[in-house]
Amino acid sequence: MQVQYPLHMSFKIIAFGPQIYVSDSSGREVMFVHQKALKLKEDINVFTDRSKNQTLFNIKADRIIDFSANYHFTDTMGNPLGSIKREGMRSIWKASYNVMDAAGTVVGHIKEDNAWVKVIDALLSEIPLVGIFSGYFFNPSYTLYRGMDDSTPAMHLKKQPALFEGKFEIQRAAEPMNDNEETLWQLSFLMMVLLERARG
């Protein structure tokens, strides 16, 4: 999918069944997700836009909601594209995810840049009145690296200042990537935001 960076991702903080809108720098909507509430096993469709007339991808968990579930990405024909998995205990303090290709080989790693930012943001959000404005001052960021050595960044995601909604911006790193990689990185960030949103 040809898109213009940066990508902008947004969702309402208070919503029954989260809806995520993704648009590119031209303002064109390029992805839409409506996550069904109260699902024991995640099965998420990614559409081209909010009309939900055309499905692009599917994201399915390999087990009932679990801290270390693997979330598999497929295209509309059911062909595997890859998956993402939270790194269990390592992710309790600082978000850390492995990204796998269609064969199950780890090809990327998402890492939260500074865990303290998210901790402070979460703590302040619990304080009446003050919590309303916490999202303006403490905004976590994440980097997706190729491989596992955290030396070659591929994409960056950063939370943006916003009231009553979550806003994120996805930037490409200078390193070139092919279409398969780009799709896998985008879906990985999308699923990570859904998981981190539920985590708080």
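The values are calculated or read from the model by the stated rules, or taken from the named source; none is laboratory data. Predicted model only: the values in this text are computed from it and were never measured. All Cβ positions, glycine included, derive from the backbone under ideal geometry; neighbour counts span all protein chains shown.
Details
- Once segment 6-33 is narrowed to residues that are out of contact with any Phe, Trp or Tyr (no Cβ under 8 Å at 6 or more places or on another chain) and surrounded by 12 or more Cβ atoms within 10 Å (Cβ to Cβ), the residue that is modelled with the lowest pLDDT is Ala15.
- Condition check for Lys39: modelled with pLDDT under 85 and either over 25 Å from Asn139 (Cβ atoms) or among the aromatic types (Phe, Trp, Tyr) (or both): yes
- All positions within segment 145-159 that are without any contact (Cβ under 8 Å) to a residue 24 or more places away in the chain and under 24 Å from Met9 (Cα atoms): Thr152, Pro153, His156, Lys158
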